[in-house]
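> Quick one: this structure, given as structure tokens, is what I'll be asking you about.
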Amino acid sequence: MNLDLLAAHGWDSAWAACFDTVAAPGCFPGRVLEQQRALWLCATAGGDRRCLLPSGTRDAGLPAPGDWLVLEPSGEHSLIRAILPRRSLLSRQAAGEATDQQVLAANMDTLFLCMALDRDFSLRRLERFLTVAWSSGAEPVIVLTKADLPPPELVAARLAETAIAAPEVALCTVSGVTGDGIAALAPWLLPGRTIALIGASGAGKSTLLNALAGVALSPTAALDGDGKGRHTTTWRALHRLPDGALVLDSPGIRALKLWDGESGLDRTFAEIRALAQLCRFRNCRHEGEPGCAVQAAIARGDLAEARLENRRKLARELAFAERKQSKAAAAEERHRWKRLHRDNRARDAHRARQRGE
Ligand SMILES: Nc1nc2c(ncn2[C@@H]2O[C@H](COP(=O)(O)OP(=O)(O)OP(=O)(O)O)[C@@H](O)[C@H]2O)c(=O)[nH]1
Ligand SMILES: [Mg+2]
Ligand SMILES: [Zn+2]
């Protein structure tokens, strides 16, 4: 087994220990690079391999890019036996079935939250992405793209606004076209580290990836016509950069519905949380109660009202998603009991027949 090849894809002693507790003899590890229809392309110690799920696997158990798998040799394709527990998980509410979670990426170390400095720029969207990022367990980095497009004064103003909206988060401005600012991303692009590019369609994710790689790994939109995204990238794939980092490029995310993580809200809006502890009432809703430190900060001009409003909106959305999830969980539990009772009745009947009753 070529362990160097595994290490190049992020394998370490902790993954090895985890693998040893789960894997049956004869199995080997692999990391998902991308899904190709019903096959998963995985990096393994013996090179890239196409792998299959055993039939009957449910949707919720599908591997995502970045997942480490337990694989079993089986003819031309290897069989996927298990997904190792994820260190970080980026997911969203799937379209359609409201309570289904769609796993976008697993085991990312860093998320580059990409947002263009021109027409695409929206602090409210950034706050939403940050909330999801913090709940994922990966470290967010804000990457403002297309720095070559707006006039320098506008770039400087938007940079300052962003720094206020995300005080705890590393912030870079880049141009994937001129290459300006890209060197500042180096601290995250280390060998074996995994970074996902997240952002709206047209934000310049694939352009950035190609600039980092020095070659066209992922197609980009030919012309930036109206500044609207056009979903040029159509699937998620983990790409290997020449200097050893792994970068996930994915289709632009239009609506990133919040899925879980009150903690994500608290980190995204850390100063509101800190202010709230100074409110006179512990259960202050910051809606005009006396002694409200949050409203006082808004009155002083220290806190943007739009930020408080966005936090409220995201919190409502989260509460709604959680109610739905618990309803679905309750339904699943009822279902399980019904099945159990039915199975028990069937078993009793069977035994009765055996006893000749
Ligand atoms: N001027 C300028 N244009 C850029 C820059 N980055 C991207 N673009 C242009 O913006 C358009 C969209 O870029 P893409 O890299 O395809 O965007 P994407 O985020 O990958 O979009 P999806 O794949 O649809 O999610 C293309 O026409 C790029 O040439 C930049 O830094 N400067
Ligand atoms: Mg793209
Ligand atoms: Zn208050």
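The values are calculated or read from the model by the stated rules, or taken from the named source; none is laboratory data. On a predicted model such as this, the values are computed, not experimentally measured, just so you know. Here the Cβ positions follow ideal geometry from the backbone for every residue, glycine too, while neighbour counts run over all protein chains shown.
> How many residues does segment 192-219 hold that are of a type in the set (Val, Ile, Thr) and in a loop (DSSP other than H, G, I, E, B)?
Adding up the residues that qualify gives 1.
> Shifting gears a bit: What residue, among those in segment 234-251 that are within 11 Å of ligand 1 (Cβ to nearest atom) and at pLDDT 80 or above, is nearest to residue 196 (Cα to Cα)?
249
> Among all residue pairs at least 6 apart or on different chains, which show Cβ distances below 9 Å where the first residue, located in segment 239-253, is farther than 15 Å from residue 64 by Cβ and the second is in a loop (DSSP other than H, G, I, E, B) and of a type in the set (Lys, Arg)?
Cβ pairs passing all conditions: 244/193; 245/193; 252/230.
> If you don't mind, there's one more thing I want to ask. Is it fair to say residue 110 is at pLDDT 90 or above, of a type in the set (Val, Ile, Thr) and under 10 Å from the mean Cα position of the chain (by Cα)?
yes
> Based on what the data block shows, is residue 100 under 19 Å from the mean Cα position of the chain (by Cα) and at pLDDT below 95?
So residue 100 fits the description; yes.
> When you look at residue 156, is it loosely packed, with under 14 Cβ neighbours inside 10 Å, more than 16 Å from residue 123 (Cα to Cα) and either away from ligand 1 (no atom under 16 Å from the Cβ) or within 21 Å of the chain's Cα centre (by Cα) (or both), yes or no?
Numbers: loosely packed, with under 14 Cβ neighbours inside 10 Å: yes; more than 16 Å from residue 123 (Cα to Cα): no; either away from ligand 1 (no atom under 16 Å from the Cβ) or within 21 Å of the chain's Cα centre (by Cα) (or both): yes.
Answer is no for this residue.
> For segment 158-181, name all the residues that are part of a loop (DSSP other than H, G, I, E, B), without any contact (Cβ under 8 Å) to a residue 60 or more places away in the chain and farther than 17 Å from residue 206 by Cα.
Result: 169, single match.
> Kindly indicate whether residue 149 is over 20 Å from residue 249 (Cα atoms), within 16 Å of ligand 1 (Cβ to nearest atom) and assigned to a loop (DSSP other than H, G, I, E, B).
In short, yes.
> Count, please, the residues in segment 309-319 that happen to be crowded, with 16+ Cβ neighbours inside 10 Å and either of a type in the set (Asp, Glu) or at pLDDT 95 or above (or both).
Number of matching residues: 1.
> Quickly run through segment 283-311 and pick out the residues that are part of a loop (DSSP other than H, G, I, E, B) and within 17 Å of residue 165 (Cβ to Cβ).
Selection gives 301, 302, 303, 304.
Residue-by-condition table, conditions (1) away from ligand 2 (no atom under 12 Å from the Cβ); (2) under 24 Å from residue 127 (Cβ atoms); (3) not polar (S, T, N, Q):
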position	(1), (2), (3)
173	yes, yes, no
185	yes, yes, yes
205	no, yes, yes
221	no, no, yes
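> Here is a further query. Being under 22 Å from residue 7 (Cβ atoms) and either crowded, with 16+ Cβ neighbours inside 10 Å or under 17 Å from the mean Cα position of the chain (by Cα) (or both) is the filter here, so list the residues in segment 186-208 that pass it.
188, 189, 193, 194, 195, 196
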